[in-house]
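Okay, so here's the structure we're looking at.
The values are calculated or read from the model by the stated rules, or taken from the named source; none is laboratory data. None of these values were measured; they are calculated from a predicted model. Cβ placement follows ideal geometry from the backbone for every residue including glycine, while neighbour counts extend to all protein chains displayed. In case anyone asks, the SASA skips ligands and DNA or RNA and just uses the protein heavy atoms, side chains included. Shrake-Rupley method; radii C 1.70, N 1.55, O 1.52, S 1.80 Å.
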Amino acid sequence: MSNIRWGFLGAGSIATRFGTGFQEIEGGEILAVGSRTASRRQALAARFHIPRQYDTYEELVTDPDLDVIYVATPHNLHREHTVLALEAGKAVLCEKPFTINLREAAELVALARQRDLFLMEAMWTRYIPIIRKVKQMVKEGAIGDLTMLVADFGARSSQPLSGRIKDPALGGGALLDLGVYPVSLASYLFETAPTRIETLAHVQHGIDVRGGMLLGYPDGQMAICYSSIGDNTPQEALLTGTKGQIRIPRPFWLNHKCEVSIEGHAPRTVEAELITNGFAHEAMEVNRCLRAGLKESLDMPLNETLDIMRTLDIVRAQWGLRYPME
């Protein structure tokens, strides 16, 4: 597979961001886009010179020339559209959050494994070079043993109540849209699921406007994660170890540097090259996996995606928050 051929299922803002990053890499092409909204479909095709357009998702996923489908629809449709693509025999990159809940996520993972197809959650920040560099430094013991992470993602939303991020029927709220980022970062760094979860949230109109999570891990480590669609928060990540700290400045999910402070030494800045808006790195990983014949990414394995969805389910259960489709 010298040139990986992509089909975009959905033509909204996240597909535009992914396409912008995709333009910066080689070894792949966006061959087709499917969307039921003609204006969005046509605009995306014109912007990225996509030769094929489909007005139904069924036509898109059955295009025999496509190698992988990128599912870029709202949260509540991820399960339906990923099933559609997998049943058509296509590899799938599905936007985060992977699904609405663990039950849906487990269904997708089981289907992909049954059909021996590649499947990956599009947690694009997992492949940002500085995030990977920080993980490497932690593994090498640069700050001793990692004991604590504090990470947040809060951005005040101006959307009306009918907007996607504020609509319970679309899986709206801070947790699935923004909170999943610090939770995923904690999972990546501690390399295990939390064994204790304590939470607090402000729930209004059927969604979490803001919420905080205290995640406890087997050896006494902790992660404090919080998110909000009502507040602009620091948007930083601070790692504390037995010998020092690493701080990824605002915004932690899209940065090219971090600050390392080791006890007894002057602070230093570590940098890593970032390609445009960051999405290119995720696209390169999918292309690499498909060329290698892999069925999942070792950096975003499906079992970890299930662990993260389980954590999010527990968090929502503590808040008494259920979506209408559940």
- prompt: Could we say that Phe252 is buried (at least 24 other Cβ atoms within 10 Å of the Cβ) and over 16 Å from Lys135 (Cβ atoms) here?
  reply: no
Those residues of the stretch 219-228 which are open to solvent by less than 70 Å² (accessible area, probe 1.4 Å) and farther than 14 Å from Ser157 by Cβ amount to Gly220, Gln221, Ala223, Ile224, Cys225
Practice prompt. Kindly indicate whether Thr99 is open to solvent by less than 20 Å² (accessible area, probe 1.4 Å), in a helix (DSSP H, G or I) and among the hydroxyl-bearing types (Ser, Thr, Tyr).
Written response: no
Within the stretch 33-46, the residues that are open to solvent by less than 40 Å² (accessible area, probe 1.4 Å) and among the polar types (S, T, N, Q) are Ser35
task: Could you tell me whether Ala15 is hydrophobic (A, V, I, L, M, F, W, C), more than 22 Å from the chain's Cα centre (by Cα) and either assigned to a helix (DSSP H, G or I) or within 21 Å of Asn287 (Cα to Cα) (or both)?
output: no
How many residues of the stretch 109-126 are in a helix (DSSP H, G or I) and over 17 Å from Leu294 (Cα atoms)? The answer is 3
Residue set Asp231, Asp208; condition out of contact with any helix residue (DSSP H, G or I) (no Cβ under 9 Å at 6 or more places or on another chain) and open to solvent by less than 60 Å² (accessible area, probe 1.4 Å); output residue Asp231
So, first residue touching a residue at least 40 places away in the same chain (Cβ under 8 Å) in the stretch 240-258, second residue basic (Lys, Arg) and buried (at least 16 other Cβ atoms within 10 Å of the Cβ), Cβ within less than 6 Å, six or more apart or across chains; the pairs are none
Every listed condition ((1) open to solvent by 20 Å² or more (accessible area, probe 1.4 Å); (2) more than 26 Å from Gly220 (Cβ to Cβ); (3) of a type in the set (A, V, I, L, M, F, W, C); (4) out of contact with any helix residue (DSSP H, G or I) (no Cβ under 9 Å at 6 or more places or on another chain)) holds for Ile130 save (1)
Selection over the stretch 142-161 where residues are touching a residue at least 60 places away in the same chain (Cβ under 8 Å) and farther than 21 Å from Glu95 by Cβ yields a count of 11
Exactly one of Leu200, Leu189, Leu176 is over 22 Å from the mean Cα position of the chain (by Cα) and of a type outside the set (Asp, Glu), and that one is Leu200
Filter the stretch 112-126 for residues that are open to solvent by 10 Å² or more (accessible area, probe 1.4 Å) and under 30 Å from Thr20 (Cβ atoms); the one that is nearest to the chain's Cα centre (by Cα) is Thr125
- Task: Output yes when any residue across the stretch 11-32 is under 17 Å from Ala122 (Cα atoms), of a type in the set (D, E, K, R), surrounded by fewer than 16 Cβ atoms within 10 Å (Cβ to Cβ) and free of Cβ contacts under 8 Å to residues at least 40 places away in the same chain, and no when none is.
- Result: no
Among the residues of the stretch 134-160, the number that are within 16 Å of Thr233 (Cα to Cα), surrounded by 12 or more Cβ atoms within 10 Å (Cβ to Cβ) and modelled with pLDDT under 95 is 1
Filtering the stretch 300-326 down to residues that are surrounded by fewer than 17 Cβ atoms within 10 Å (Cβ to Cβ) and assigned to a loop (DSSP other than H, G, I, E, B) yields Pro301, Gly320, Arg322, Pro324, Met325, Glu326
